[in-house]
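The structure appears below as structure tokens.
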Amino acid sequence: MQYKDPRLLVQPSPLLKQQMTTHQTMRDLLFALLPVTFAGIWLFGFSALLVVVVSILGAVATEWLFSPAEQRSARLVDGSGVLTGLLLGLTLPPALPLWMAFLGGVVSVGIGKLIWGGLGQNLFNPALVGRAFLLATFPNAMTTWSTQVSGEGFFQWYPSNFALPFMQPHYDAVSTATPLGLMKFEQQSTALLDLVLGNTAGCIGETSGLLLLAGGIFLVLRRDIDWRIPAGVLLSAAIFSGVLYAIDTGHYPDPLFTLFSGGLLLAAFYMATDPVTSPLTPRGAWIFAVGIGLLVVLIRIFGGFPEGVMYAILLMNAATPLIDRYTQPRVFGKE
Amino acid sequence: MLALSTLFKRSFSHGIHPDEYKDQTAALPTQRMPFVERYILPLHQHLGAPSKPSVEAGQQVRRGQLIAAPGAFVSTSLHSPVSGRVKAIGQRRFPGGRYEQAIEIEADLYATQRLEVDRRPDWRGLSLDDFVSVMQGTGIVGLGGASLPVHVKYSLREGVKIKHLIANGAECEPYLTNDHRVMVERPEALLRGIEILHTLLGAEESIIGIELNKPDAITSLGEHIPSDRPFRVAPLRVKYPQGDSKMMIKSLLDIEIPKGLHAADLGIIMNNVSTIVAIADYFDTGMPYIDRMVTVSGPGIEYPANLIVPLGTPVREVLRFCGGLKAETKEVLMGGPMMGTPIASLDAPIIKSSSGILAFTAQQTARPKEVPCIRCGRCVEACPYFLNPSKLARLAKARQFDKIKQANVAECVECGSCTYSCPSGIPIVQLIRSAKSEMRGKRGKA
């Protein structure tokens, strides 16, 4: 029998591998955010689509420009730039001038990720770095909320979207307040049903509570995100605001309002769960999540801003290395 | 019923659930591999010092005759697997790829290959010390993978009293079914071996730990256990690495062996089921350790099989017996897919630790493109020893050997759960392994 040896690889074990990859996780996140994005576009009209697309463009262009030539195509398909841009876009008000959205995308990827050394190295959530930059630089534009169009007047856009760079944007009289703003400055509550369905003013992607929840549960079931983080954030926010509500029902918002208003759901499922900027160990994840929930309630109720989710996450991002250091797993057989 | 109880079985924490791929061979009865013309017996196929050859080139040897004596206390004997003539003693391929001193034996094609034993050994009346020296003469090593000469485990320190004898039948590596077949086909031999060890040790209880994916082994052993003996079968959750000795002790007795101590210090001795069967066989027939069970399987194998193979048989002959490699085979592993060694040349022989010969195609050998670690923590949740594999891999890559030592790299058993679970395609355990071997090299030189 003629028997010729095949050319054999000498590649060390293990040869088995589970199926999930980092790219797949990013794709799942994008899929999970699609319904929310479409809902935002439906609720706020064509302008919302423009803001989201432009912020993604800003993020992707920065990623492309600052990647080594041989890695460019690989980095574009790994999806992290698109994801950062999309997450940023969803946290922007729909009437934001487009050039600001673009700049936000540039800052998110450039300052939020690339100068740290790229994917996996950054300390802070890139999308939130971009948003914090915009809020600090353009406080007016970032807190001007438009009323919803809900499908009617879908193709009417806000003139402010097309403000020229560095010019004062012109707003017409359609601006209104978010549920959190109403609560904070006018002691006025919003119906829970409106919060759940998204019939309120706010950022493009933060209003539709049900869709955010559905996408988040999809991600937890696919094991794309650590379930402990959304669970910890939402539980601790609910419990802390519940305690306050129990003390003075007239003065403080009820826990359900806390959960469904503002960006808490978007942040709990899609931003706090960013593995790069959250602790590595299960115990660390709980500490991190509970810290975010607590800070959100503190900032919203006792701080100067109506919304505190962004700062809560950025603060806990900063604490992540410390949390990691003190929650290293106990080695087997060691007291 | 078994499936439901899986959920409630006590087990170690962390670990992974790879696909098992055992169906190819789990139901195949064991076959004996015919004798071939040439056998290669490396002198150093166990932990400890190499054996010293006691034959010379050109000398005739009988099957079962001693051909190399232990080189130290932690070392064992080597016997000829075949009647024939010593062709040479020299450098031969070892499965890992390097060359090692080995005895090459040319089989006598006309010999009956009957095992001639002067007298059957008797274990009754042996003291534990006698047993230790008898075992060193049999060449039996731990067959679970580490290849520690079996007598070393039984030379207990002064004052140690063994309470539990554990027979490890977890066989948690995917594809492998040789321990499974031994338990199904030879439950009496396993129980005879347990009886011998249990009596010699004066143990209080003997436990056979078997993963729940081998229900036939669990029933057949359960039926054969004599009712008056303190032996029991303990079904275990199917989880990798259930067969790791510390993990199995945790699963069975809920004892976490403290760092730096051995199981024996806590009154526990564990052996692989095949090791125990080899001990029983020696006392039954006087046969030293010259044959071993090998599972030949994987997508690159034409006819998968569970085989009894004489030690020293070249891998090429084993593959030929199983119909040869398929053309699309890319890699051949000796051992399981998680911890096995890649075979560099098919001339390498079957050695005492060769539990399997697995052939894989591009589907298994293709490596995902490595992307940066995103700190998802899956490796941390997979590591059964509660280490931080992502950190170890980072330090190994940066060659920060002092820091990696502080990060408890010594506790890593290289089970590969981290690499399995990494979504970024980082070869974590491979990095740790090479850092460890580089550190060993440095220590040797210093």
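The values are calculated or read from the model by the stated rules, or taken from the named source; none is laboratory data. A quick note: this is a predicted structure, and the numbers were derived from the prediction, not measured. Cβ sites come from the backbone with ideal geometry, for glycine too, and all protein chains shown count toward neighbours.
In table form, for the structure just shown:
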quantity: Verdict on A:THR277 being within 14 Å of chain B (Cβ to nearest Cβ), surrounded by fewer than 22 Cβ atoms within 10 Å (Cβ to Cβ) and among the hydroxyl-bearing types (Ser, Thr, Tyr); calculated: no
quantity: All positions within the stretch B:7-47 that are buried (at least 19 other Cβ atoms within 10 Å of the Cβ) and not in a loop (DSSP other than H, G, I, E, B); calculated: B:ILE16, B:THR25, B:ALA26, B:TYR39, B:ILE40, B:LEU41, B:PRO42
quantity: Any helices (runs of 4 or more DSSP H) falling wholly within the stretch B:349-413 and containing at least 1 residues that are in contact with a helix residue (DSSP H, G or I) (Cβ under 9 Å, 6 or more places away or on another chain) and free of Cβ contacts under 8 Å to residues at least 40 places away in the same chain; calculated: B:378-382, B:389-397, B:401-406
quantity: Any hit, the stretch A:283-295, residues being within 9 Å of chain B (Cβ to nearest Cβ) and either under 18 Å from the mean Cα position of the chain (by Cα) or more than 28 Å from A:GLY181 (Cβ to Cβ) (or both); calculated: yes
quantity: Among residues of the stretch A:52-79, those that are among the basic types (Lys, Arg) and either within 14 Å of chain B (Cβ to nearest Cβ) or under 19 Å from the mean Cα position of the chain (by Cα) (or both), counted; calculated: 1
quantity: Out of A:PHE332, A:PHE240, A:PHE269, sole residue that is over 15 Å from A:LYS184 (Cα atoms), outside the structural domain of A:LEU182 (by TED's automatic domain parsing) and either surrounded by 20 or more Cβ atoms within 10 Å (Cβ to Cβ) or at pLDDT 95 or above (or both); calculated: A:PHE332
quantity: Breaking point among (1) β-branched (Val, Ile, Thr); (2) surrounded by fewer than 21 Cβ atoms within 10 Å (Cβ to Cβ); (3) within 19 Å of B:ILE208 (Cβ to Cβ), for B:ILE162; calculated: (2)
quantity: Residue ID - farthest from B:LEU395 (Cα to Cα), chosen from residues in the stretch B:420-431 that are under 21 Å from the mean Cα position of the chain (by Cα) and buried (at least 21 other Cβ atoms within 10 Å of the Cβ); calculated: B:TYR420
quantity: Qualifying residue in the stretch B:367-389 (condition: more than 27 Å from A:ILE229 (Cα to Cα), at the interface with another protein chain (Cβ under 8 Å from one of its Cβ atoms), surrounded by 24 or more Cβ atoms within 10 Å (Cβ to Cβ) and in contact with a Gly (Cβ under 7 Å, 6 or more places away or on another chain)); calculated: no
quantity: Residues of the stretch A:221-257 satisfying the condition of being within 14 Å of chain B (Cβ to nearest Cβ) and among the aliphatic types (A, V, I, L, M); calculated: A:ILE225, A:ILE229
quantity: Test: residue in the stretch A:118-136 that is crowded, with 22+ Cβ neighbours inside 10 Å and modelled with pLDDT under 90; calculated: yes
quantity: Candidates B:GLN136, B:GLN60, B:GLN65 - the one that is touching a Gly at 6+ places or on another chain (Cβ under 9 Å) and either in the same structural domain as B:ILE196 (by TED's automatic domain parsing) or on the phi < 0 side of the Ramachandran plot (or both); calculated: B:GLN60
quantity: B:ILE218 buried (at least 20 other Cβ atoms within 10 Å of the Cβ), part of a strand (DSSP E or B) and among the hydrophobic types (A, V, I, L, M, F, W, C); calculated: no
quantity: Residue within the stretch B:93-108 that is without any contact (Cβ under 8 Å) to a residue 12 or more places away in the chain and under 25 Å from the mean Cα position of the chain (by Cα) present; calculated: yes
quantity: Residue list for the stretch A:98-122, filter: touching a residue at least 60 places away in the same chain (Cβ under 8 Å) and in contact with a Ser or Thr (Cβ under 6 Å, 6 or more places away or on another chain); calculated: A:LEU119
